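This report concerns only the one structure given below.
The values are calculated or read from the model by the stated rules, or taken from the named source; none is laboratory data. Please read all numbers here as calculations on a predicted model, not as lab measurements. Every residue, glycine as well, gets a Cβ built from its backbone with ideal geometry; the counts of neighbours run over all protein chains shown.
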Amino acid sequence: MIPLAFVVLIALVLVARGGDVPSVWPMAWAVMGAIVILHLQRLAWRERYLLGLSTAIAVLVWAIDPDPAENLKAALNQGAFLMAFVIVLGLLREAAVRSSSVAELGSYLTQQPTGRRYAALYFGTGFMQVLFNIGVVSFLIPLIQRGIERARPNDALNPIREQRQISAMQRGFAWGVAWSPTALAPLALFELLPDVNRLAWIGMGLVVFCIMFVLGWADDAFRFRSYRPALKIVPPDFPRKAAMGFLGTCAGLLGLAEGVAFALDETIVFGLLVACPLVMIGWIYMQLGRADAGSELRNIYTIHMGQSGNLAILLACAGFMGRAAGILVPSDDLAHALNLYSMPDWVLLSGLPIALCAFSAFGFSPIMMAIFFGSLFGGMTELPADVTLIALSISCGWGLSMTSSPFATVILMINRLGNVPMLHLTMKWNLTFNILSVVGLIGIFYYLAR
């Protein structure tokens, strides 16, 4: 029943958005509500809390807003779209999990010598998340932990090795959102700030990603400067065929998404919504052949597709709350009250990530705050800084929150899969890196704002 509801929701969102049929949106809302009801017994405290908060915000919008019906429609549309989108990304992840190319690349990343391992895991995670998204974390955590224990069972230094490798992976995933064309942060913001130059954003985000690598590598090298590996690790040969296959799949996904977006005069976000299921089906057929692909696709539909439910509800709540809360706050009045128009651009741009991160630390999910800030700036008559730099700044706040906020999805997932305490993933392992990141962002935005 749940997989069928997912398929129906995706189809309704495609028709409502791609076919420009607004009358279909209420049906999508109804299916979204049915999915929540079907998942009630499975929901964790976080999803229940967000559902309650969503209801409270909806009541406030209805009571306070001068045009509550239209604004609640916009918030519900945002929630339904994000729910459909995260389900579609989950399908792509299922194909990636079954790929021998992805398995070879993941194994190669975790078997590098100490001097190269940080770079391999940081950049490897950042680039693999283009197809894997959050799934790259669930894929690499077991590889890292099994590889450490297999190489040196019960070694007293294994906790240090685990800290260094998991930190590199976590940081690569966190700052990959600054540039990745399939990361949820940019895709959500792209919907709210339509004048953003996406190619410029990706280019600047790649630079930020590389600067954060340098800062993280320096932190790792200094923290463990007295550590000397006991054995020399001989790395495996670079899997060229696997790498070419992975890059080919990435190119096919993004090319198809761009083609759909261009043909329908839509955004790349909608293009990915169409492209991901098609690439998933094609990828499964290429891996297994016609004889076994059908049964594997049925297996994905009946068993694995429904496992995205809690994350889909979380993203839908975040999308709804971010949009609705942005409606409640008078954007122009707030901008004048905070003197945003007289504030130097670099101060605003480097302050946004800190603000987003601070809110995330108090229980608001990073995606909710990113959508809230996107709605806030999207509602302003005149923007206080360049729109592309504002979008980049908000996505940098998302990246910063994923190494500092205990409510970030990646931290919760590492905690659940790797049994690593959340305090270690935020304060103990990443406090110095987070401080360096804030300082780095101030320098980056001072330069860019000039």
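Couple of notes before you dig in:
- Among the candidates GLU258, GLU266, residue that is closer than 21 Å to ALA183 by Cβ and modelled with pLDDT of 80 or more: GLU258
- Exactly one residue among VAL15, VAL36, VAL24 is modelled with pLDDT of 90 or more and either outside any helix (DSSP H, G or I) or of a type in the set (Val, Ile, Thr) (or both), and that residue is VAL24.
- Residue ID - farthest from LEU157 (Cα to Cα), chosen from residues in segment 188-228 that are acidic (Asp, Glu) and surrounded by 15 or more Cβ atoms within 10 Å (Cβ to Cβ): GLU191
- Members of segment 275-288 that are buried (at least 21 other Cβ atoms within 10 Å of the Cβ) and over 14 Å from CYS250 (Cβ atoms): ILE284
- Spans of helices (runs of 4 or more DSSP H) in segment 80-172 with at least 1 residues over 29 Å from LEU254 (Cα atoms): 114-132, 135-151
Residue by residue, here is whether (1) in contact (Cβ under 8 Å) with a residue 24 or more places away in the chain; (2) surrounded by fewer than 16 Cβ atoms within 10 Å (Cβ to Cβ) holds:
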residue	(1), (2)
LEU356	yes, no
PHE372	yes, no
GLU382	yes, yes
THR403	yes, no
VAL410	yes, no
ILE414	yes, no
LEU417	yes, yes
LEU425	yes, no
LYS428	no, yes
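- Count of residues meeting criterion [buried (at least 24 other Cβ atoms within 10 Å of the Cβ) and not in a helix (DSSP H, G or I)] in segment 384-401: 0
- Within segment 143-187, considering residues that are in contact with an Asp or Glu (Cβ under 9 Å, 6 or more places away or on another chain) and surrounded by fewer than 16 Cβ atoms within 10 Å (Cβ to Cβ), the one farthest from LEU82 (Cα to Cα): ASP155
- Some residue of segment 84-97 being touching a residue at least 40 places away in the same chain (Cβ under 8 Å) and farther than 19 Å from MET280 by Cβ: no
- Across segment 349-364, a minimum of one residue is classified as under 24 Å from ASP65 (Cα atoms) and assigned to a helix (DSSP H, G or I).
- Within this structure, ALA261 passes the test of being in a helix (DSSP H, G or I), closer than 21 Å to ALA188 by Cβ and aliphatic (A, V, I, L, M).
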